[in-house]
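The values are calculated or read from the model by the stated rules, or taken from the named source; none is laboratory data. Only a predicted model underlies this, so the values are computations on that prediction, with no experimental measurement involved. Note that we place each Cβ from the backbone using ideal geometry, even for glycine, and neighbour counts take in every protein chain shown. Ligands, DNA and RNA are excluded from the accessible area calculation, which covers all protein heavy atoms including side chains. Shrake-Rupley method; radii C 1.70, N 1.55, O 1.52, S 1.80 Å.
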Amino acid sequence: MKPRIIVCGLSPTGYKILCLLRQQGAQVVGIHDKALPGEGDDVIVGDMRSVATLLSAGIREAQTIVLAGSEDGLNLAVLMQARVLNPRIRIVNRLFNTSLGERLDNTLPDHITMSVAALSAPIFAFSALGNAAIGQLRLFNQTWPIHEEHITSDHPWCGRRLSELWDDRNRMLIYYLPIDERVDLVTAVLRGRRLQPGDRLIVGTKPGIRQAKRSLTQRLVKLPTALKYLRQHSQALLGSTLLLLLTISIGTLIYLTSILKISPIDALYFSVSLITGAGDNLIAVEHLPDNLKLFTIFVMLVGAAVIGLSYALLNDFILGTRFDRFWEVARIPPRGHFIVCGLGGVGVQIVNHLYNCGYEVVVIEQDPNCRFLSTVRAIKVPVVQGDASLPATLKAANFEQAQAILAVTSNDTANLEIALNAKGLNPRVSAIVRYQDPEFAHMAQRVFEFEAVLSPAELVAPAFAAAALGGRILGNGMTADSLWVALATVITPGHPFCGRRVQEVAMEVDCVPLYVVTRCHTVHGWDLLNVSLSAGDVLYLTMPASQLELLWRTVPSQFMTST
């Protein structure tokens, strides 16, 4: 029997997960707080935390519950109620707080934390880099972008043997869908099958780590931009400083011409002393003419006012935000950078991903109290505070010389406005737009012709669905309405693969072996197919999600995954 799964919270993400699980043939029930048009008895309406609601959904017989709500507190409440009613149930939990999720994973058995932001951010980053990624794969402590090669008559791989592509360490063949017959990838490779028009091939590409250039020359190139910002935002300070110098100069000149017995240095010293209020006994003021006494009084009053004004402006400039923004502007790259508009959960994950890959990033954030500002500033990513839809703000981030702009705020309308204004300034810069509703995301892509309009709900739903079907998933994707997953299974003495050659397993189960980690080494390529699996080996593979039931039902306790 297919595993019985409950999906709690049918928001856009949760409903997409429900539909995908139905499509894969799983027995699935949804729970939502209000009725959904067109849904029948398999969607329970009620409070997800209620015992009665969970019992109506069959919580005692269910094998997995997916907590897909957008509120961490609600998901945690459902988690506790579900575990009370069914202590053995497997939980796939959507949490924004990933640090809390890691603690729950380490504390609770059969608990898997998944984050919409963490799963979708790499796809946004890959799209900005020019990759038409449809998913991601976590291998060798790196996130590999996954894309689909649709073979056409003019495709460079058309006519090539699959065996020629099999042994490339920088590329992994994930799944194969031929146009004319149903054949698994390993069989096609061993038969020397050639790719023909209409075939589909899922490929994972090893990500390249770019070394960010931080040379002195590049920093000097950014200096004029910073000085321009300094000139624009420090005019009051410069004005007060010039007024102070002018007052000192006039005082010095007057005392020098009026009292011929003192040197120019003494006149300057006396003027500065009077203006700063320090006082001086160099000149006996009581013996001065009345007009010079009145001038001295005037200099002291003007000097006190100018000194106070200059001190206040200097404090505001250095201790306020302007001095910090001066250094922010000084770090803004002159060209070839990525601009991330909106520093929410998705935005900060995109910034971290691009930064860790060695690319230069600039953030535009309107909220000065954004919780993630300190996070990005800690890694020296410059932040421009302002409305990203305004041309002045985009120009402050050197938009016209940027490689791509990512509009990923939580407001769909704002994202469209940012992208449209950006295209108006420079149509050559790639625009990647976040749009929550998957259906409208596709329409926005067609109407406005942005480089990519992506819906986080659509991007992450396959990962949640795959995790619900079994195991901690390393990667996933959709091809021709078929959900496939990448995972790692530990070979134990009772495992159905134990003692069998990888080639035999792949041809029988319709899985694609990626590599095997044995006690001694890691095996790839052609050698992988001849490996005889033994207890303790870890086999990394991809397979259709609909086939996971075979492994899950046969050895559920042994179907483990590597983190």
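With the requirement that a residue be basic (Lys, Arg) and free of Cβ contacts under 8 Å to residues at least 12 places away in the same chain, what does region 378-429 give you?
Of everything in region 378-429, just one residue is basic (Lys, Arg) and free of Cβ contacts under 8 Å to residues at least 12 places away in the same chain, namely Arg428.
Exactly one of these conditions fails for Val555: (1) farther than 18 Å from Arg500 by Cβ; (2) open to solvent by less than 40 Å² (accessible area, probe 1.4 Å); (3) at pLDDT below 55. Give me its number.
Here Val555 meets the rest and fails (1).
Does at least one position in region 176-192 carry a residue that is open to solvent by 80 Å² or more (accessible area, probe 1.4 Å) and of a type in the set (Val, Ile, Thr)?
Scanning region 176-192 turns up at least one residue that is open to solvent by 80 Å² or more (accessible area, probe 1.4 Å) and of a type in the set (Val, Ile, Thr).
Within region 470-485, is even one residue in contact with a Lys or Arg (Cβ under 6 Å, 6 or more places away or on another chain), aliphatic (A, V, I, L, M), at pLDDT below 85 and not in a strand (DSSP E or B)?
Yes, there is a match, as at least one residue in region 470-485 is in contact with a Lys or Arg (Cβ under 6 Å, 6 or more places away or on another chain), aliphatic (A, V, I, L, M), at pLDDT below 85 and not in a strand (DSSP E or B).
Restrict the check to region 80-93 and report whether at least one residue is assigned to a loop (DSSP other than H, G, I, E, B), open to solvent by 80 Å² or more (accessible area, probe 1.4 Å) and not acidic (Asp, Glu).
yes
Spot the failing condition for Thr64; the list is (1) among the β-branched types (Val, Ile, Thr); (2) buried (at least 22 other Cβ atoms within 10 Å of the Cβ); (3) within 24 Å of the chain's Cα centre (by Cα), and only one is missed.
The failed condition is (3).
Filter region 507-533 for residues that are out of contact with any Lys or Arg (no Cβ under 8 Å at 6 or more places or on another chain), farther than 18 Å from Ala188 by Cβ and modelled with pLDDT of 85 or more and give the result.
Passing the criteria: Tyr515, Val516, Val517, Thr518, Thr522, Val523, Asp527.
Among the residues of region 89-103, is there at least one that is more than 21 Å from Ala466 (Cα to Cα) and of a type in the set (Val, Ile, Thr)?
Looking for residues that are more than 21 Å from Ala466 (Cα to Cα) and of a type in the set (Val, Ile, Thr), one finds none in region 89-103, hence no.
Surrounded by 15 or more Cβ atoms within 10 Å (Cβ to Cβ) and part of a loop (DSSP other than H, G, I, E, B), is that true of Val433?
no
Search region 1-59 for residues being among the charged types (D, E, K, R) and surrounded by fewer than 14 Cβ atoms within 10 Å (Cβ to Cβ), and hand back the single one that is farthest from the chain's Cα centre (by Cα).
Here the residue is Asp41.
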